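*Asks:* Would you mind keeping the following structure in view while I ask a few things?
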Amino acid sequence: MNISRGKTFPLGAIVHPDGVNFAVFSKNAQAVDLLLFNGVDDATPSATIHLSQQEHRTYHYWHCFVPKIKPGQIYGYRVHGPFEPALGMRFDPQKLLLDPYGRAVAVPAKYSRRAASLPGDNTATAMKSVVADPRTYDWEDDTPPRHPFSKTVIYEMHVGGFTRHPSSGLRPDKLGTYAGLIEKIPYLQDLGITAVELMPIFQFDPQDAPPGLVNYWGYSPVSFFAPHSGYSSDPDPRGPMNEFRDMVKALHRAGIEVILDVVYNHTSENDEFGPTFCFRGFENSAYYILGEDRSSYANYTGTGNTLNANQSIVRRMIIHSLHYWVREMHVDGFRFDLASILARDERGRPSENPPVLWDIESDPVLAGVKLIAEAWDAAGLYQVGTFLGDSWKEWNGHFRDDVRSFVRGDHGSTAIMPKRLMASPDLYGHEEREPEQSINFVTCHDGFTLNDLVSYNVKHNDANRENNQDGHNDNRSWNCGFEGPTDDPGIERLRSRQIKNFYAVTLLSFGTPMLLMGDEVRRTQQGNNNAYCQDNEISWFDWRLVDKHPGLHRFVKHLIHYRIHRNTTVEDTGLSLNALLSQALIRWHGTKLNQPDWGHFSHSLAYSAHNPHSGLLFHLMFNAWHEPLTFELPPVLQTLGESWRLWIDTFREPPHDINEWDQAPLINAESYNVQPRTVVVLMACSTTDNSELNFFPNPSSQKPS
């Protein structure tokens, strides 16, 4: 084949007009073989290229140029070297390895995780890399929407689960795929969200789960460059790359940004008893943080291993991966799973100035890209409010917990609520950052759905086959009087009201709201709060729920529309959170005007907010008690007219729970009776031009597909 020396850079399989350059890193390897295959299921390579120390190694990089091969070529590596776990080396030339920089991955029909874990040759059952050329795609006129965080509503979703349910109405070959998601974009547009946060789409190992189950969530990566092939409707090994980009392009045309949930903290190779797919077989001690005895792995992730993110080789790979997804795949942002692990040094100790995080923070390619941190890890490092940098936003776990406690009616939960409603200045005020630094959420993939949060007192994870020992126990949930599904109309009304209360608090608070897929139509996981291994109807979006709960769907849609298009209490002012709060015209109340009750047994609060620029005056009342409470109302400013208008009352039945301006009942009384466990919002406005007050989409708009 007339193999030539090739080059050390770029890493991976890089396509040229007359062939492909291959380059990989391995410091302690004694020899490297590049294997070419005609098919993904082949047990024997069509060619084996031996890379010699003398000709094909420069420093710690192994490289060659293979003429005449083209995109679509299937390949893998065998790496020879010492197997000395006590020294941190685990070379195994019997294992076929993926290219750490491979742009596509092919999975054989008889893929076996077990074969990659046991001694012996696993070629026939191993995942294999595929040569792909990202430069050949036509992006047409694709332009990132670049919504400011102040006008962003994030919808966390699972690519497969969004359309895999038979009720999605898609062709069988599009169920659970990138192409299937494209067909459901009209639903997302109608709902009004501005960004989808996709759960992991890097190629992952679906067999990384308890026996008989599958890894559904995808927090089990084997590649940081290849889109997951299981979400593609195209059987060609290069199909996932283009189908993913078709999806991004279609979402951008709909004005929706794409944020990826990325896992740069561990891989699917797990602990010392796990499989050898890639990194362990190339240079174990470089890619992973090892234990004190070097034969085991530091486990700050809860998955068996921890990626050595601040080691120079790994750090560079992470940056190259981020660049790839931004430049070649047009991704708009990233949510970093267990981001605090990236703050640990090569010995696992928290670092004040972790290089990889500063590299990401200051990188010009990533300037303007949305960066969101899950600012904790599984070993107790918790950095909410203290995560470094000027551009990172943070999942606010305190918002989740405190809002759950308040809406449930816990004693002692009222006093903290003003901070959570105002973007948590107790956590973020010291940084003089924008209010949108706080990503406000009540539910996410990890835990109960909103429906289950108000339907179950305890988790029900028996389907995970871990004796219900997995998943969080501190859910701060309340079943509203009955555990699980019920036909009791009173309990069902209460549950729907509680869900509306959660939405009202989340979407009316300062900060950036994040919503969970299907919560807007009461998607249930049957009480499972850790459905990572449930690729079935427990996790999938049941599209019949859109027709079953139209009132809740309408309520959420109108709230989102208001939040994005007309919310003048949360806007892109350019002010820091502290400056905004110092200038805001906000007054706190209890049931009595100007007398907020922050006591341990208080379950109510209210506040008034006036924006003189827009002429809008708001009065919000929260009753988390199990009995009605009468709230005194402040007088409407003379310049705003004589009466309040009732915008939201979550106790009322749809469509009267959220009102159009011209249909909103006038409230002329000096008080308002807020029903049990209810949120009420009143509005007044100085303008008489009703067209400017049409906060909501036309109620007669086409029904979502």
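The values are calculated or read from the model by the stated rules, or taken from the named source; none is laboratory data. What you see is a predicted model, and the numbers here were worked out from it, not measured in a lab. Note that each Cβ is placed from the backbone with ideal geometry, even for glycine, and that neighbours are counted across all protein chains shown.
*Asks:* Can you tell me which residue in the range 648-682 is surrounded by the fewest Cβ atoms within 10 Å (Cβ to Cβ), limited to those that are within 14 Å of Ile499 (Cβ to Cβ) and within 31 Å of the chain's Cα centre (by Cα)?
*Replies:* Pro654
*Asks:* Here's another thing I want to ask about it. If only one of Phe282, Phe277, Phe334 is buried (at least 24 other Cβ atoms within 10 Å of the Cβ), at pLDDT 95 or above and in the same structural domain as Trp392 (by TED's automatic domain parsing), which one is it?
*Replies:* Within the list Phe282, Phe277, Phe334, the selection yields Phe334.
*Asks:* Which number in (1) under 19 Å from Gly389 (Cβ atoms); (2) of a type in the set (Gly, Ala, Ser); (3) free of Cβ contacts under 8 Å to residues at least 60 places away in the same chain marks the one condition that Gly333 misses?
*Replies:* Going through the list (1) under 19 Å from Gly389 (Cβ atoms); (2) of a type in the set (Gly, Ala, Ser); (3) free of Cβ contacts under 8 Å to residues at least 60 places away in the same chain, Gly333 breaks only (3).
*Asks:* State whether one or more residues within the range 53-71 are under 17 Å from Arg135 (Cα atoms), touching a Lys or Arg at 6+ places or on another chain (Cβ under 8 Å), surrounded by 14 or more Cβ atoms within 10 Å (Cβ to Cβ) and not assigned by TED's automatic domain parsing to the domain that holds Asp236.
*Replies:* Looking only at the range 53-71, we keep the residues that are under 17 Å from Arg135 (Cα atoms), and these are 69-71.
Retained after the next criterion (residues that are touching a Lys or Arg at 6+ places or on another chain (Cβ under 8 Å)): 71.
Then keep just the ones that are surrounded by 14 or more Cβ atoms within 10 Å (Cβ to Cβ); that gives 71.
Add one more test, that the residue is not assigned by TED's automatic domain parsing to the domain that holds Asp236, and what stays is 71.
For the range 53-71, residues under 17 Å from Arg135 (Cα atoms), touching a Lys or Arg at 6+ places or on another chain (Cβ under 8 Å), surrounded by 14 or more Cβ atoms within 10 Å (Cβ to Cβ) and not assigned by TED's automatic domain parsing to the domain that holds Asp236: present.
*Asks:* Another question, if that's okay. From the list Thr524, Thr506, which one is in the same structural domain as Gly218 (by TED's automatic domain parsing), touching a strand residue (DSSP E or B) at 6+ places or on another chain (Cβ under 8 Å) and of a type in the set (Ser, Thr, Tyr)?
*Replies:* That would be Thr506, the only listed residue that is in the same structural domain as Gly218 (by TED's automatic domain parsing), touching a strand residue (DSSP E or B) at 6+ places or on another chain (Cβ under 8 Å) and of a type in the set (Ser, Thr, Tyr).
*Asks:* Working only within the range 42-64, note down all residues that are of a type in the set (D, E, K, R) and under 41 Å from the mean Cα position of the chain (by Cα).
*Replies:* Within the range 42-64, Asp42, Arg57 qualify.
*Asks:* Go through the range 229-269 and report how many residues are part of a loop (DSSP other than H, G, I, E, B) and hydrophobic (A, V, I, L, M, F, W, C).
*Replies:* 3
*Asks:* OK, next. Assuming Gly302 fulfils every condition listed in (1) in contact with a Phe, Trp or Tyr (Cβ under 7 Å, 6 or more places away or on another chain); (2) in a loop (DSSP other than H, G, I, E, B) apart from one, which condition is it?
*Replies:* In the conditions (1) in contact with a Phe, Trp or Tyr (Cβ under 7 Å, 6 or more places away or on another chain); (2) in a loop (DSSP other than H, G, I, E, B), Gly302 misses (1) alone.
*Asks:* Does Ile289 satisfy the condition of being within 30 Å of Gly380 (Cα to Cα) and touching a residue at least 24 places away in the same chain (Cβ under 8 Å)?
*Replies:* It is true that Ile289 is within 30 Å of Gly380 (Cα to Cα) and touching a residue at least 24 places away in the same chain (Cβ under 8 Å).
*Asks:* Can you tell which of Val105, Val40 is outside the structural domain of Ser268 (by TED's automatic domain parsing) and in a strand (DSSP E or B)?
*Replies:* It is Val105.
*Asks:* From the set of residues in the range 204-215 that are touching a strand residue (DSSP E or B) at 6+ places or on another chain (Cβ under 9 Å) and in a loop (DSSP other than H, G, I, E, B), which is surrounded by the most Cβ atoms within 10 Å (Cβ to Cβ)?
*Replies:* Here the answer is Asp205.
Residues are listed down the side, and each one gets a yes or a no for (1) outside any loop (DSSP other than H, G, I, E, B); (2) surrounded by fewer than 19 Cβ atoms within 10 Å (Cβ to Cβ); (3) touching a Ser or Thr at 6+ places or on another chain (Cβ under 7 Å):
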| site | (1), (2), (3) |
| --- | --- |
| Pro10 | no, yes, no |
| Val24 | yes, no, no |
| Asp33 | yes, yes, yes |
| Arg78 | yes, no, no |
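*Asks:* If you scan the range 345-370, which residues turn out to be touching a residue at least 40 places away in the same chain (Cβ under 8 Å), surrounded by 15 or more Cβ atoms within 10 Å (Cβ to Cβ), within 22 Å of the chain's Cα centre (by Cα) and assigned to a helix (DSSP H, G or I)?
*Replies:* Once the filter is applied, which keeps residues that are touching a residue at least 40 places away in the same chain (Cβ under 8 Å), surrounded by 15 or more Cβ atoms within 10 Å (Cβ to Cβ), within 22 Å of the chain's Cα centre (by Cα) and assigned to a helix (DSSP H, G or I), the range 345-370 yields Val356, Asp359, Ile360, Leu366.
*Asks:* Taking the criterion of being assigned to a helix (DSSP H, G or I) and either surrounded by fewer than 20 Cβ atoms within 10 Å (Cβ to Cβ) or modelled with pLDDT of 95 or more (or both), would at least one residue in the range 371-392 satisfy it? Give the steps one after another, and end with the answer.
*Replies:* Keep residues of the range 371-392 that are assigned to a helix (DSSP H, G or I), which gives none.
No, the range 371-392 contains no residue that is assigned to a helix (DSSP H, G or I) and either surrounded by fewer than 20 Cβ atoms within 10 Å (Cβ to Cβ) or modelled with pLDDT of 95 or more (or both).
*Asks:* Going through Ser455, Ser477, Ser496, Ser413 one at a time, which residue ends up being part of a helix (DSSP H, G or I), farther than 21 Å from Phe149 by Cβ, among the hydroxyl-bearing types (Ser, Thr, Tyr) and in contact with a helix residue (DSSP H, G or I) (Cβ under 9 Å, 6 or more places away or on another chain)?
*Replies:* Ser496
*Asks:* Go through the range 112-203 and tell me which strands (runs of 3 or more DSSP E), entirely inside it, have 2 or more residues that are touching a strand residue (DSSP E or B) at 6+ places or on another chain (Cβ under 6 Å) and assigned by TED's automatic domain parsing to the domain that holds Asn396.
*Replies:* 154-157, 195-198
*Asks:* Take the residues in the range 299-312 that are in contact (Cβ under 8 Å) with a residue 40 or more places away in the chain and surrounded by fewer than 19 Cβ atoms within 10 Å (Cβ to Cβ); name whichever of them is farthest from Thr512 (Cα to Cα).
*Replies:* If we take residues in the range 299-312 being in contact (Cβ under 8 Å) with a residue 40 or more places away in the chain and surrounded by fewer than 19 Cβ atoms within 10 Å (Cβ to Cβ), then Asn299 is farthest from Thr512 (Cα to Cα).
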